[in-house]
Structures are given as structure tokens and as C-alpha cells.
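S.K.: If you scroll down you'll find the structure; I have some questions about it.
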Amino acid sequence: MLDYNCSSHLLVTGRRLVAEKLHSFIGIDIGGTNLRGALISSGGEVLQRFRMLSMIHEGREPFLDRLQQGVSGLMATADAHGLSVGGVGVGVPGLIDRHGVVHSSVNMPALEGLGLREQLESQLKLPVRCANDANLIALGEARYGAGQGLDSMMVITIGTGLGSGLILNRRLWEGSNGFAAEFGHVTVEPEGFPCPCGNRGCLEQYVSATALRRLSGGLEAAELAQLAREGDHDAHQLFCQLGRHLGIAVAGLLNVLNLDGIVIGGGVSASFDLFQVPLVEELQRRTFAQILAGVGVRQAALGDDAGLLGAALLAGEA
């Protein structure tokens, strides 16, 4: 029996659903722990959602069955309310090419090599687009969240690892084959900690919840933040180090791309106040003043919904 923890709530009136019946999309956010999806209107309203455990350890086929079950539930709801689903967008952690093939996913190795787009289109009989999950968070924040009003920006998500998505001229920049914006693997310490990607000293090894846990001897980011706010010097210094490493990397990014802003999300962003000052100090130290002028460094606004909204936007381009 599937562990289907579904929390679905229709959030709009029947009259409004009818008015938008040809303008809805499904957004999917695949994570190592949770699998989430939502039926979303063209205006960015979440009409219904599901959430269940990914349970990727059971293997690829059981996972795909669970995914299809979740999407089919959203499609049934859309049909019951006279909605036509225009397509499905899917966010996956890792390297996903333009054809929807998963080339690398450190936390979900069972998906590596999978042609996810082709698989889902065959099952669902709908257009499907797939992309890196952080790229879709960037799309969501750019359209509906903290990135509104910015023509170009980098969205950086600091959680278990460090993800990122790049928006240039109001469009997602995917690179030549879809692998762009792997900012977490910029080298900040040439002989630093080894990274699962095969490099050493990657930014992710210094700016993430995993990094904080390793450097603190096992404490979670929220525990460290509480200690820092209570005056613990060592805990405070760990967040200062995080801010400095992030600032060094972001300064290089700004010097190259002359962006309008940086948006920071993910679980560790709840402690933004603890690393904001050293981050900004490094930006001031390492970025041309003319480039830094007017750059906004903001916290993300949409929480967990950013990736779902971004996935729906991607589906609209299918």
C-alpha cells in the first residue's frame, strides 16, 4: 500500500475555475524525501496540491508509479471542474538536459539515465518539460516572488546543498545543453573539502546545512541559529564564515554578469540575518562599486511553492 500523504485543497470558486478552464498546468517538485505537485492556474494560483514521500529507495518503477498517481489525481480534479490541463512541468535535483534526460542526481541515483520527459509524456498523454529544480525555483521567484521587477538575477537556495537558477533578461538561462547555473560547484577553496561532484572546495561544501552540520560537529542549522542569537560566539562565527564564502562567490558572479539582484532561499535562509553582514562586506570588498550599485540582495518570498509555480510556468512553454 502506498504511503500517500495527500493534502489537497481546492482554493478557488467553481465560477473562477470555469473562467480559466483552458489555462491550467501541473507543476511537480521531485525531492529526495518528498514528492509534491500542484494544479496551477495561468495566473499563478494553486488550485489543488498533493504531497507524498518520494521513497526513491524502493527503486525507479515504484517511484514513477507514485508520481503518475499524484499527477493523475490532479488531472481528475481538473476534469471534474471543467479545466483543461495544458502540460506538466517537473523539477528534479541534478543535471537535466533539454530533452528531459536525468544525467546526474546525487540524492536520487535511481533516476540517473532516465528519459523522464519521454516516460511521462507516454504515460500522461500531455506535453511535459523537465528542468533542474533550482532553475524552476528561480522562475517562480522571478514571476511571482522576490524577483519581481528584476530583469536579471541569480536565485540561490541554501538547504541540504546549494542550488541556483539564473534569470537573464527575464528568461531562464539554461546554457548550451540545459546544465547552466551550477553555482554550488564554483571553487572557493582550491584545496578544500572534497565534494561528491569530484572537485574539492566547492561552494556547497561551505554554504549549506550540510556544511554547518559538519563544521559544528553535528548540529542542525536551526539549532546553530538559536545558539548564535543567544550569544554563542562559535555558532555566530560559523554563520559569518558562511556569509564570507557566499560573498566571495557572488562577487565574482556580479563582476561577470552585472546582475540586478540576488535572491536567497532554502531552509538556511531563515538565518539570513546572521550571515547578511559578512556577505555584503565581501561584496563591497570584491565587486566594482559601479556594478554593485543598485544590486538588491533579498530573501526569497514563496517558500516551497516557488518550485511548483516555476514548474507550471515551464509547462506553459511546452
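The values are calculated or read from the model by the stated rules, or taken from the named source; none is laboratory data. Quantities reported herein were computed from a predicted structural model and do not represent experimental measurements. Reconstructed Cβ throughout: ideal geometry from the backbone, glycine too, with neighbour counts over all protein chains shown. Each accessible area value is taken on the protein alone, full model and side chains, heavy atoms only, with ligands, DNA and RNA left out. Shrake-Rupley method; radii C 1.70, N 1.55, O 1.52, S 1.80 Å.
S.K.: Whenever you get a sec, compute what percent of the accessible area on region 70-219 sits on carbon and sulfur atoms (1.4 Å probe). Can you show the working numbers first?
M.R.: Working: 3060 of 6230 Å².
Of the solvent-accessible surface of region 70-219, carbon and sulfur hold 49 percent.
S.K.: Separate question: What accessible surface, in Å², does a 1.4 Å probe find on MET55, ignoring ligands, DNA and RNA and rounding to the nearest 10?
M.R.: Around 40 Å² of this residue is reachable by solvent.
S.K.: So for the pair SER104, GLU281, with labels modelled 7 Å out along Cα→Cβ, what separation do we get in nm?
M.R.: 3.4 nm
S.K.: Around GLU223, under 12 Å between beta carbons, what's the net of Lys plus Arg minus Asp minus Glu among the other residues?
M.R.: Values: positive: ARG213, ARG229; negative: GLU220, GLU230, ASP232.
Charge balance in the 12 Å sphere: -1.
S.K.: Count the DSSP beta bridges whose two residues both fall in region 78-206, then state the antiparallel fraction as a percent rounded to the nearest 5.
M.R.: On the way: 13 of 18 bridges.
Roughly 70 percent of the DSSP beta bridges within region 78-206 come out antiparallel.
S.K.: Here's something else I'd like to know. Using every alpha carbon pair in region 121-189, what percent of pairs falls into each 5 Å bin from 0 up to the bin containing the largest distance?
M.R.: 4, 16, 25, 20, 16, 11, 7, 1, 1, 0
S.K.: Tell me the accessible surface of ARG213 in square angstrom (1.4 angstrom probe, heavy atoms of protein chains only), to the nearest ten.
M.R.: ARG213 has an accessible surface of roughly 80 Å² with all protein chains in place.
S.K.: Summing +1 for each Lys or Arg and -1 for each Asp or Glu, what net charge is found among the other residues whose Cβ lies under 10 Å from the Cβ of ALA251?
M.R.: Working: positive: ARG285, ARG286; negative: GLU282.
That sum, taken over residues with Cβ under 10 Å, equals +1.
S.K.: Right, next: Relative to the compact globular guide of 2.2 N^0.38 Å, what is the alpha carbon radius of gyration of region 271-318, as a ratio? Walk me through the intermediate numbers first.
M.R.: On the way: Rg = 15.9 Å, N = 48, 2.2 N^0.38 = 9.6 Å.
Taking N as the residue count of region 271-318, the ratio is 1.66.
S.K.: Given the options ALA76, ALA300, ALA251, which has the most mean-square fluctuation in a GNM of the chain, springs set between C-alpha atoms less than 10 angstrom apart?
M.R.: It is ALA76.
S.K.: Once Rh for region 159-318 is found with the Kirkwood sum over Cα pairs, what is the Stokes-Einstein diffusion coefficient at 10 °C and 1.306 mPa s, in µm²/s? Before the final figure, lay out each step's value.
M.R.: On the way: Rh = 16.7 Å.
The estimated diffusion coefficient comes to 95 µm²/s.
S.K.: Further question on the same structure: Please give the FRET efficiency for PHE179 paired with ARG213, using the beta carbon to beta carbon distance and R0 = 25 Å, rounded to the nearest 0.05.
M.R.: Working: r = 28 Å, r/R0 = 1.10.
Calculated value: 0.35.
S.K.: What 222 nm value per residue comes from the helices of the chain, counting each DSSP H run with n ≥ 4 as -39,500 (n - 2.57) and dividing by all residues, nearest 500 deg cm²/dmol?
M.R.: -11500 deg cm²/dmol
S.K.: Can you tell me the accessible area per residue over region 201-318, all protein chains present, probe 1.4 angstrom, in square angstrom?
M.R.: Details: 5070 Å² over 118 residues.
The answer is 43 Å² per residue.
S.K.: Could you list log10 I(q)/I(0) for the chain at q = 0.12, 0.13 Å⁻¹, which the Debye formula gives when each Cα is one point scatterer?
M.R.: -0.82, -0.95
S.K.: Now, a different point. Quick one: plug the Kirkwood hydrodynamic radius of region 65-174 (C-alpha pairs) into Stokes-Einstein at 10 °C, 1.306 mPa s, and report D in µm²/s. List each step's numbers first, then the result.
M.R.: Details: Rh = 15.2 Å.
It diffuses with D of about 104 µm²/s by this estimate.
S.K.: Tally Lys/Arg at +1 and Asp/Glu at -1 over every other residue whose Cβ is under 12 Å from the Cβ of GLY316; what's the total? Show your work: numbers first, answer last.
M.R.: Working: positive: ARG129, ARG143; negative: GLU317.
Within the 12 Å Cβ shell, the charges total +1.
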